[in-house]
Amino acid sequence: MPAVHHKLLLEDALQDSPQTRSLLSVFEEDAANLTDYTNKLLQSMQRVFGAQSEMGLATEQLSKQLLDYEKKNFALGKGDEEVITMLQSFAKSVGELNSLHTELANQMADGMVFPLIQFREKDLTEISTLKEIYGIATDEHEAAMVKYSRLPKKRENEKVLKADLVKEVAYTRRKQHSASLQYYCALNALQYRKRVAMLEPMLGYTQAQISFFKKGIELVSKKMDSFLSSVSKMTKSIQTQLDSEAEGMRVSQRELLSVDDSVYMPDTDSESVNRTLIQKAGYLNIRNKTGLVTTAWDRLYFFTQGGNLMCQPRGAVAGGMVLDLDNSSVMAVDCEDRRYCFQITSPSGKTSMILQAESKKEYEEWICTVNNISRQIYLTDNPEAVAIRLNQTAIQAVTPITSFEKRQEGSPNPDRAKPGGVHSTGGSQKSETAPEPEDLIAPGTPIQFDIMLPASEFQDQNRAGGRRTNPFGETDDDCSAESDDSLLQQVFAVRFLGSMAVRCGDNQEVIYEAMRQVLAARAIHNIFRTTESHLMVTSSSFRLIDPQTQVTRISFQLEEVCQFAAHQENGRLIGFVVEGRDWSEGDEEGEPSFSAFVFESNTEGEKICYTMNLAKEITEAKKDPEALAQLMKNMPLTNDGKFLLLEPETGDTSDGAGQEDLESEA
């Protein structure tokens, strides 16, 4: 006997939490899938019924045609008496068979098609109607709460206004509660009804077929009768369970609706305040600026987790961090003549938010909870351990698990997880034992989210007497000539994600670790904006060009690039390592320094790595004229002798004439 394991708890209907909404969405999705499946199943059954009806009409027409043979009076029909007699016998048999087919079609209509139509028109339509009523009741409750939240303190003495608003909130809340209970009951009952609805039509169809064969051939196995009997018993058992569950839900519904009206009141003085909470959850109004002097209030679900204040919009699977409560401060404030407002401020004072509670009890408990969390984390010797004891660490609460970080089970430090699933196109091969992240990148290394050369590279240019990069995009004549003579020019649209100093340039793992740290830092600091640029790969250098002004933002000589790689799972990510010199120690030759640059491309990173690898091959082939000639013979060329690879994504041509447009002539 199958049992239903999942159902909506009627006791949770009044609270209307995001968890309940999330579970409700699962039931709604299941109902939508059931509706779609029922419609398709009904179409198939109607097609079978239509075919059976057509079979009855066809046999009737056949019987008439057999009898019409005698009426045709064929001129050469002498001697067809036996044929006519046989055809008349066939017509009688077909006529009897037609009556059986007609009876079978009627049984299919009553036992197969009609129950499924009734299930669709009654049960599924009821679910759709209750969903609309529930949505309307929810919207009315939200509107009432908005008006109640705007009740000013200056009119505190106007008892009539407050009483009217309180009654309106209680009425809409009761209405929403009643609608949600009916909706939940219908969805729970649907889990039983859908089983009966799926079995009953097939039971009717099979019984009709058996009756047809019994009357025609009298050959039906006892095994089939036993099977159909068991199916019939199962449907009756499920129906009995449904009746029992429906009665229990009706009793629970009456009990839940018979509570005192104070349950629906948003602000009552009878409830005591718990001032020792270290976790809190509930709906709050948050003030958001919509202009220079205008603001808007939004009602959202807030909760504390791992020492952080989290917010979870309706319909969201999980919450996101709003503010780190470590050493934060909270205080009551007067804001726009609203009641129960308080402000939470970060330790630096740069981040603050104003929230409004629903009642005085919620107002005081939220203030005490934030104070307790801030004081408990601040006064302990190990703040991280306190955050873990609350729920989880603050860094884990906001750092997503990306494809670059496979967190090991039981590892206390997720940042030490090894990067996995990365495919390299250029550079040295992976070592057999992966190095530790600390061996690749020094802990606490700052990350640049904007495009600018590291200080060591500026020192390298000044010490070596190299040409200084002109910020206005002007180029010397010799540089232009060198670019025009380049055998490879390919442009890709990329977005710069970040760069950081690394400890080595001969291990491709450093690129993967830089990818992981850059993306983790962007997630922690909520940095999502990126600037699109054009990455030009030539046989002599890599250049990053502003697509609007055509000014070269940064340029790297090909011999400076010692590693490049693309990610295997996220094919749009690419990074490379550039070698420079650091003269901070006073050495004339300078100590080698390395920097990793991470980009996101509109195309596959493999294509960019292939182009970079080809540039390296061209550079090596230039040393041997025969090798260069062989390379140019194997690769397609443009009319001016440049290597033809792919059409540039930016819409610019990749030939020599397009090179003049990529550099500013300011």
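I'd like to check something: does region 255-268 contain any residue that is within 36 Å of the chain's Cα centre (by Cα), of a type outside the set (Val, Ile, Thr) and over 26 Å from Ser22 (Cα atoms)?
No, because not a single residue in region 255-268 is within 36 Å of the chain's Cα centre (by Cα), of a type outside the set (Val, Ile, Thr) and over 26 Å from Ser22 (Cα atoms).
How many residues does region 516-542 hold that are farther than 25 Å from Asp324 by Cβ and touching a residue at least 60 places away in the same chain (Cβ under 8 Å)?
Summing the residues that are farther than 25 Å from Asp324 by Cβ and touching a residue at least 60 places away in the same chain (Cβ under 8 Å) in region 516-542 gives 10.
Any idea which residue in region 336-350 is surrounded by the most Cβ atoms within 10 Å (Cβ to Cβ), counting only those that are touching a residue at least 40 places away in the same chain (Cβ under 8 Å) and outside any strand (DSSP E or B)?
Looking at residues that are touching a residue at least 40 places away in the same chain (Cβ under 8 Å) and outside any strand (DSSP E or B), I get Arg339.
Here are Glu70, Glu81, Glu96: which of them is assigned by TED's automatic domain parsing to the domain that holds Phe212, more than 30 Å from Thr235 (Cβ to Cβ), more than 58 Å from the chain's Cα centre (by Cα) and surrounded by 16 or more Cβ atoms within 10 Å (Cβ to Cβ)?
Going through Glu70, Glu81, Glu96 in turn, just one is assigned by TED's automatic domain parsing to the domain that holds Phe212, more than 30 Å from Thr235 (Cβ to Cβ), more than 58 Å from the chain's Cα centre (by Cα) and surrounded by 16 or more Cβ atoms within 10 Å (Cβ to Cβ): Glu70.
Would you pick out the residues in region 527-565 that are modelled with pLDDT of 80 or more, part of a loop (DSSP other than H, G, I, E, B) and not charged (D, E, K, R)?
Matches in region 527-565: Ser539, Ser540, Pro547, Gln548, Thr549, Gln550, Val551.
Determine whether Ser25 is polar (S, T, N, Q), touching a residue at least 24 places away in the same chain (Cβ under 8 Å), under 18 Å from Phe212 (Cβ atoms) and not assigned by TED's automatic domain parsing to the domain that holds Leu300.
No, not satisfied.
Pick out, from region 279-334, the strands (runs of 3 or more DSSP E) lying fully within it that include 3 or more residues that are within 16 Å of Pro18 (Cα to Cα).
In region 279-334, the matching strands (runs of 3 or more DSSP E) lie at 281-289, 295-305, 308-312.
Name the one entry in Ser328, Ser270 that is over 30 Å from Gly135 (Cβ atoms), at pLDDT below 90 and crowded, with 20+ Cβ neighbours inside 10 Å.
Ser328
I need the full set of residues from region 472-526 which are modelled with pLDDT under 80 and under 36 Å from the mean Cα position of the chain (by Cα), in order please.
Once the filter is applied, which keeps residues that are modelled with pLDDT under 80 and under 36 Å from the mean Cα position of the chain (by Cα), region 472-526 yields Ala520, Ala521, Arg522, Ala523, Ile524, His525, Asn526.
Quick check on my filter: what residues within region 351-377 are modelled with pLDDT under 80 and either in contact with a helix residue (DSSP H, G or I) (Cβ under 9 Å, 6 or more places away or on another chain) or part of a loop (DSSP other than H, G, I, E, B) (or both)?
Matches in region 351-377: Gln376, Ile377.
If you check Thr138 against the conditions, is it surrounded by fewer than 16 Cβ atoms within 10 Å (Cβ to Cβ) and more than 30 Å from Ser211 (Cα to Cα)?
no
The values are calculated or read from the model by the stated rules, or taken from the named source; none is laboratory data. Since the model is a prediction, treat every value here as computed from it, not as a measurement. No Cβ is skipped: glycine too gets one built from the backbone with ideal geometry, and neighbour counts run over all protein chains shown.
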